[in-house]
Amino acid sequence: MRLIPLLLLLSLYCGAQTTVTLTGTVVDEAGTGVEYATLRALDATDSTLLTGGVAGAEGRWELPGLVVGQQILLSASFVGYATEYLGAFTVERRPPPRTLHLRTAARVLAEVNVTGRKLTDLHRVDKQVFDAQQFENARGGTATDLLRNLPAVAVGVDGNISVRGTSGFQLVIDGKPTQGDPLTLLAQLPANAIESVEFITSPSAKYDPDGKGGILNIRTRRGSLNGWTLLANSSIGLPSVRDYDNASMPRRDGADVTVGYRDSDWTYTLGLDYRRDDQAGRREGYVNTYRDGVLTEFPSDGERSFERENYSARLNVTHEITPDQRLSAGLFAGKRTQFRTADILYTNQRRTRIAPADFLGPGAYYGRFLATGDVLTDGGDVLSNATFYNENLRVRRGDFFIGSLDYTLDFADESSLTLSGLYERTVLGGPTDNRILSWPSLRDTLQLQRNDNDNPLDGLRLRADYVRTLGTVKWESGYQYRYLKHPGDFEYLDKDFTTGQLVVNPEFTNGILLRRDIHALYSQVSGTKGKLQYGGGLRLEYFDRRVTLNRPDTTYRLDRLNLFPSLNLKYQLREGLALKAGYSQRIERTTTFKMTPFPEREHNETLEQGDAELLPELSDLVELGLTGNWGDHSAFANVYYRQVNDVINRVNTIYNDTILNRIYTNAGDARAFGLEAGTTLYPTPSWQLYLSGNVYNYRIRGRLFDAAVNTATTVYSISANTDVAFTRTFSGQLGIDYLSARVTAQGRDSRFYSPYLSVKKEFPKRRVTVLFQWQNIGLGLWDANERSITTQSADFFTTTNYVYEADILRLAVSYRFTRGRREEKLLDSEFGGREF
C-alpha cells in the first residue's frame, strides 16, 4: 500500500509539464472543409498515437493535451481521400492553426503506385496490436482462426487456445472484459467482424487480473462514416477431398453482415452471423491398465467428428447527448449447438496371473501393440476377450444473452467519469448418450447410459472509472464488482434391461451451485517523460467463492484478499528503436466444470471429474523487449519469465479396468522462460513476408497422488506467411502455423501444424472480393491437422491420436457498400461461454 502515495507523488511531479491545444482545419482540393475527417497526433519517434479527434463543421478541429516541446506528426483521413500527413514539428507554447489538405484517392493512385503502407502490427508500452486484415486465411472463419496467426498464440486440433504456453488468458471484446471461457465466445465471433487484436502481455491495474497468459482484446469493426456503411460476407465449403468413413459428410458454410450508420449525434452498428462449421475426423486409441495382477488392453478406432452450428447478433448504439456526455449500449445474443460423434470399435482383452515381477510396464505393452498391430496373449492367462461397438453422441447447447450500458461524463478540467454495467444470462446443457452394441451384428444393445445436465448462469459486472489528465500524466482510478451464480443439475441414467426402464445412477447424479463475488479497487498513472513512457498501478481485490453440493449437503468456501501490482516502461533508444519492460501479477480462477467433484461420463473409456477445493493459480510475469522499424519493415523481440503457483493440470487415475478418470487438480508450481519474436518485411513493393515465433522452456514441479512430479521440456511455435500482390487486385498468401511437442504433468502432447493457401481477387467497381482458401494442406503426404495425447503412470498407459480433416477447401465472397457524405468521392475498392 506504500506504493499508492508514491504513484500519486509521481503524477503530481510529472503533471507540472505544460500542455496546449492544437487547432486547425481539414479541406479538400476545392478548399471546402471536410466535416467528420479523422485527426490523429502521433509521436514523431515511434508513431505512437497521442490523441485524436473528429473535424466538425467546415472541417474545423482541435486536439487538446499536447506537451510543449514534444515532436509530433499530424494525420488527417476520410473515406474517398488519401491520408495526409503533416510534420514532424515541435509543439509550441502558442501553436498557430494548421491546415491539412486532402486529395481524392483516385487522383493519388493515378500519380504514384505506392504512397505508403498500413502498419500491420504496432507495439505500445503495454501491448502489441495486430491488424486483422493481414491474415487472409481467417476470412470466412471465426476469431479462433485469426488468433492462430499471432506470435505467442497456439491453437490445438481440439480448438484449445494457449498464450505463451498457458491456456489461461483473459478475453476482452471492445474493451469489455468477459469472465467466460474465450473458446466459446471466440467461436461465435466471425473473423470478418474483427478490426484488430491487442495482445496485452503485461496488463495494467485497471484490467481484471484474471488470466495468467495476459489479455487478448478483440476490436470489432464499427461504422465510422457519416452515413451508411455495409459489409457482407458469405462462404461455402467445397466437397471434402478425403473420406474419413464418417456417417455424414461435413458442411461448412456461413454468412455475416455488418451494418453501420452515423450522424452527428448517433452511431449504430449491427452485426448478424450464421455459421455451420463441421469437422470430419477419426480417433485412434490405445489404453492399458494393470490392477491386482490383471492386465487389460483395449485398442480402439473409429469416427470422431463434430457438427457445429452457430447464430449470433450484435448491436451497438452510441449517443452523443451533449459534447460532454456519451451514452453507449450493447447487446449480444447467440445460439450455439455442437454434436460430437464418437462411434468407436473396441477390442478388449484381460489377462490374469501377471506377477509384478513379470509386468513389463505400461509403455512396453503399447510398444508391442505398435509392432504387431494387435494385443498379445503371452505373459498370463486370457481372462476375457471381447470386441464391441460403442456409439457415443455428446450434444452441447448454449443460449447466450449479454447486455451492457455505459455512460461517460467529461469535465472541464479534462477529467472524465464512466459508469458501466453488464449483465449476462446463459443457459447451457445437453445430453450424452452412450450405447454398447454387439459386434459385428450391431443388433444387441449390451449397455445403454444417458446423462443430461442443465446449467443456467447469471453474471453481473458494475464499475465506475475516473480518469484525469495532470499535465502529461494520466491518472486512472476506479471500483468494480463482479457477481457470478452458476447452478448445475446432473442426472445420470442406466437402462435396466429387466424392466426396460432408465433408472437413476446415484453415483453420478448430483447438483452443484457456484457463487462468486469479487470487489476490486485500482489506481494507476501513465505518461511520458522525455523519451520514457511509463505506466504503473495497484489493484486490490477481495474474492469470495462458495461451492455447494446437493449430496452430501456440503459447502466449500474460499475467500482471499490479493494485491496485484503492475509496471510498464518504454524507452526510445533512437529513432525507430525502443526498449520495453513490464511486470504484472495475475490470477487464474477455475470454471464450475473443473470444480464439479462428482464424475461425468464423457465416453466409454473416460470419466471427467473436478475438485470443489481447487486453488486459483497465481502467477508473476516479467518481460523485456525491443521493437524496431526501418522504412516499411518492422521487428520485435521479447524475453519473458512466468512463475505460476498451484498450477492446475488434468491428470488420469484408474476408475476400473476399462475406464480412466480425468481429474483436475493442483499439480504444483510451474515456470516458463521464453523468447518471442516477429518481423514484417517487404522484399519488393508487392511482396510481404510475416514471420513470428515463440520458444520457451516449461517445467512443472510438485506432487501427484503422493508421487513427485518433475517434468521439463522446450516448446516452440511458428507462424509464417508470405503475401504476394500479382496485380493491384489479385494476390495470394501461403503460410503455416506450427506447434511443437510438449510435456504435461503425466505425459506428452505431440506436435501440431497446419499449412494454408489463399488466393484473393478484388473487383473494385463492384465492391466485391472473392477469396479461395485451402486449409490444413496435407495432399496425403503430411499428417497436417493431427495430434496425439499420451499420459501414463506406473499402472496405466493411454494414447489417443486425433486425425481431423485435411485439405479443406472454401470459397468466400465479400461485398462492401459505403454511403458517405460525399458519395462522388468514394473509392470503388463474459461469463457463460467458459462452461460450454
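Order by neighbour count: Ile808, Ile354, fewest other Cβ atoms within 10 Å first, most last.
Final ranking by Cβ density, sparse to dense: Ile354, Ile808.
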What FRET efficiency comes out for the pair Arg425/Asn697, r = Cβ-Cβ distance, R0 = 41 Å, nearest 0.05? 0.40
Please compute the modelled spin-label separation between Asp263 and Glu58, points set 7 Å along Cα→Cβ, answer in nm with one decimal. 2.4 nm
Convert each backbone phi in the range 701-711 into a coupling constant with the Karplus relation 6.51 cos²θ - 1.76 cosθ + 1.60 (shift: θ = phi - 60°), then list the ³J(HN,Hα) values in order as whole Hz, x for Gly and Pro. 10, x, 9, 10, 6, 6, 10, 6, 10, 8, 10
Please work out how much length the chain gains when fully extended from Thr32 to Ala88, using 0.36 nm per residue of separation minus the C-alpha to C-alpha distance, in nm with one decimal. 17.7 nm
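Starting from the Cα-Cα distance between Asn505 and Asp410, subtract it from 0.36 nm times their residue separation and give me the gain in nm to one decimal.
That works out to 28.2 nm of additional length.
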Sequence order, the range 673-680: Karplus ³J(HN,Hα) from phi using 6.51 cos²θ - 1.76 cosθ + 1.60, θ = phi - 60°, Hz rounded, Gly and Pro as x, gives 10, x, 9, 10, 8, x, 8, 10
What is the mean projected area of the alpha carbon convex hull for the range 219-829, to one decimal in square nanometres? 33.0 nm²
In the range 403-450, the chymotrypsin sites (Phe, Trp or Tyr not before Pro) that sit in a DSSP loop and have at most 12 other Cβ atoms within 10 Å of their own Cβ are Phe411
In the range 484-633, with Lys and Arg counted as +1 and Asp and Glu as -1 at Cβ, which of these residues, Leu514, Tyr534, Pro565, has the Cα nearest the positive end of the dipole, that is, farthest along it? Tyr534
Within the range 646-688, report the chymotrypsin sites (Phe, Trp or Tyr not before Pro) that DSSP leaves as loop and that have at most 11 other Cβ atoms within 10 Å. none
Give me the dipole magnitude in Debye, nearest 20, for the range 475-552 about the Cα centre, with unit charges on the beta carbon: positive for Lys and Arg, negative for Asp and Glu. 620 debye
Counting only residues 5 or more apart in sequence or on a different chain, those whose built amide H sits under 5 Å from that of Asp210 are Ile587
How do Leu102, Leu579 line up, fewest other C-beta atoms within 10 Å first? Leu579, Leu102
Given backbone amide H placed at 1.01 Å from N, residues whose amide H is under 5 Å from that of Ser240, ignoring those fewer than 5 places away on the same chain, are none
Measure off 7 Å from each Cα along the Cα-to-Cβ vector at Val395 and Ala355, then give the distance between these two points in nanometres to one decimal. 5.4 nm
Calculate the spin-label point distance for Glu613 paired with Thr337, positioning each point 7 Å from the Cα along the beta-carbon direction, and give it in nanometres. 4.2 nm
Please order Trp782, Trp630 by the number of other Cβ within 10 Å, starting at the fewest. Trp630, Trp782
Rounded, prolate or oblate (a/c below 1.5 giving rounded, otherwise prolate when a/b exceeds b/c) for the range 459-562 by Cα gyration tensor: prolate
Work out how much length Leu442 to Thr387 would gain on full extension: take 0.36 nm times their residue separation and subtract the Cα-Cα distance, in nm to one decimal. 18.7 nm
Using a Förster distance of 45 Å, how high is the FRET efficiency between Ala741 and Val622, based on the Cβ-Cβ distance and rounded to 0.05? 0.95
Within the range 519-599, GluC sites (Glu not before Pro) in DSSP loop having at most 14 other beta-carbon neighbours inside 10 Å: Glu575
Pop the C-beta distance of Asp245 and Thr684 into the FRET formula with R0 = 51 Å and round what comes out to the nearest 0.05. 0.65
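Every number here is computed from the coordinates shown, using simple stated rules; none is lab data. Here the structure is a predicted model, which means the values were calculated and not measured. Positions of Cβ are backbone-derived with ideal geometry, glycine not excepted, and every protein chain shown enters the neighbour counts.
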